[in-house]
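Take a look at the structure set out below.
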Amino acid sequence: MTTIELAMLAAGACFGGFASGLTGFGYSLVALSFWLHVVSPQIAAPLTVLCSVASQALIMPRTWATIAWRRAAPFIIAGLAGVPVGAEWLALVDAGLFKRCLGVFLAGYAAFMLLVDVRWVTRWGGGEADACVGFAGGILGGLSGLSGFIMVVWADLRGWGKDEKRGIFQAFN
């Protein structure tokens, strides 16, 4: 590896850690934006998962009391079922297309959240819908280590508060 490639890996780790420390999530999104420029998805995905788990494990003792295990169970169980599917797809997915689709989605979602005055909140769904979101998060986790962002979108659509989100995200992530 060249010095520039090592610097990109270090920058991704540092900025990912900063984002995660600031918000409690987002390590993978930020780190992958650096790492996918210098390593293949087959290397970046497991590295992202390893670093994300380490990052979440560090803050788990401080947030243990806020975890809502019963609410998180559908996400966790379905998410575990989705991980092998995503890991299997890892060898099949075009990295360039994946990066573009993810970038378009995230830019569109961020713009929507910034520009729309009225938040669209739905009470639709329940355990089954939560499990579908968990399964999709598991697939994305196995594919790229990006298990959490789909839950962030879901929690925003459901109108969950900060503590409610944290009580589920920490357990799932």
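At 1.4 Å probe radius, can you tell me the per residue accessible area of segment 84-128 in Å²? Write down the numbers at each step before the final one.
Working: 3580 Å² over 45 residues.
Ligands and nucleic acids excluded, the result is 80 Å² per residue.
Per the 1.4 Å probe, what fraction of the accessible area of the chain, in percent, lies on carbon and sulfur atoms? Kindly include the intermediate steps, with their values, before the conclusion.
Working: 6990 of 9710 Å².
Answer for the chain: carbon and sulfur cover 72 percent of the accessible area.
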Checklist outcome for this item: Long-range amide H partners of residue 146, meaning residues 5 or more apart or on another chain whose placed amide H is closer than 5 Å, are 141
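Computed over the Cα atoms, what is the radius of gyration of the chain divided by 2.2 N^0.38 Å, N being its residue count?
Details: Rg = 16.0 Å, N = 173, 2.2 N^0.38 = 15.6 Å.
Compared with the compact-globule rule of thumb, the chain sits at 1.03.
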Item to check | Relative contact order, percent, the chain [alpha-carbon distance under 8 Å, six or more residues apart] | outcome: 30
Next on the checklist: Tell me the net charge near residue 38. Cut-off is 15 Å between Cβ atoms, residue 38 excluded, with +1 for each Lys or Arg and -1 for each Asp or Glu.
Outcome noted: 0
Checklist entry - Tell me, what ³J(HN,Hα) does each residue in segment 30-47 have, in order and in whole Hz, if you take phi through Karplus 6.51 cos²θ - 1.76 cosθ + 1.60 with θ = phi - 60° and put x for Gly and Pro? => result 6, 4, 5, 5, 8, 5, 5, 7, 10, 9, 6, x, 5, 8, 5, 4, x, 5
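The values are calculated or read from the model by the stated rules, or taken from the named source; none is laboratory data. Nothing here was measured: the structure is a model prediction, and the numbers come from that model. No Cβ is skipped: glycine too gets one built from the backbone with ideal geometry, and neighbour counts run over all protein chains shown. SASA here: full protein model, heavy atoms, side chains in, ligands and nucleic acids out. Shrake-Rupley method; radii C 1.70, N 1.55, O 1.52, S 1.80 Å.
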